[in-house]
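Nothing in this text is a laboratory measurement; each read-out follows from the coordinates by a stated rule. The structure displayed is predicted, hence computed values, not measured ones. Please note: Cβ atoms are built from the backbone with ideal geometry, for glycine as well, and neighbour counts cover all protein chains shown.
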Amino acid sequence: MFFGRLANFIKPELWGRETDAFWGMVFPGAGPLPRHPSQLYEAGLEGVALLVVLAILVRLGALRRPGLVTGAFGMGYGLARIACEFFRQPDAQLGFLFGGATMGMLLSVPLLVLGAALIAWSARRRLSAA
């Protein structure tokens, strides 16, 4: 995911919303105003931060609970995606949907629910010997 988001930044595509922050960038094809480099935000959260959290869970023995790492990944990715969507420009053909949500936010909700369900299921199971 990290490298995919870096590729989105290099191409450039999937840029962020307009900003007056000093780190805003003017992307070719996105108009003259600076925008959030949302691809880098996503690379950081969906790539690096999520990898670190999952690595810590594994070091703490999460692999002995089947479903825990997968559930944590689902919840972590869903939360990271929702957070990043606040800075990303919505798809032109979709725009903002009801309540100001984007399609990325709405598609992350089932992933959050599935991740939480896997974590709950994992917590109820006996520890594996692995």
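For a Förster distance of 35 Å, can you work out the FRET efficiency between the beta-carbons of LEU97 and ARG125, rounded to the nearest 0.05?
Efficiency at R0 = 35 Å is approximately 0.40.
Among ASN8, PRO90, ALA116, flag the residue with its Cα farthest along the positive direction of the charge dipole of the chain, charges on Cβ as +1 for Lys/Arg and -1 for Asp/Glu.
Among ASN8, PRO90, ALA116, the one farthest towards the positive end of the dipole of the chain is ALA116.
Can you list which of the chymotrypsin sites (Phe, Trp or Tyr not before Pro) found in region 47-130 are DSSP loop residues with at most 15 other C-beta atoms within 10 Å?
Qualifying residues, ordered by number: PHE86, PHE96.
Would you mind checking which residues have amide H under 5 Å from ARG88's amide H? H placed 1.01 Å from N; only 5 or more apart, or other chain.
For ARG88, whose amide H was placed from the backbone, the distant partners under 5 Å are ARG17.
Which chymotrypsin sites (Phe, Trp or Tyr not before Pro) in region 2-38 sit in a loop by DSSP (not H, G, I, E or B) and have at most 12 other Cβ atoms within 10 Å of their own Cβ?
Qualifying residues, ordered by number: PHE22, TRP23.
May I ask you to evaluate 6.51 cos²θ - 1.76 cosθ + 1.60, the Karplus curve with θ = phi - 60°, for each residue of region 44-55 and list the ³J(HN,Hα) values in order in whole Hz, giving x for glycine and proline?
Per-residue couplings from phi come out as x, 7, 6, x, 5, 4, 5, 4, 5, 4, 5, 5 Hz.
Mind checking the log10 I(q)/I(0) for the chain at q = 0.20 Å⁻¹? Debye, one equal scatterer per Cα, no solvent, two decimals.
Those come out to -1.10, one per q.
Using a Gaussian network model of the chain whose springs link C-alpha atoms within less than 10 Å, name the residue from MET105, MET25, MET75 with the highest mean-square fluctuation.
MET25
Please get the size of the charge dipole for the chain, origin at its Cα centre, with Cβ charges of +1 on Lys and Arg and -1 on Asp and Glu, quoted in debye to the nearest 20.
For this selection, approximately 800 debye.
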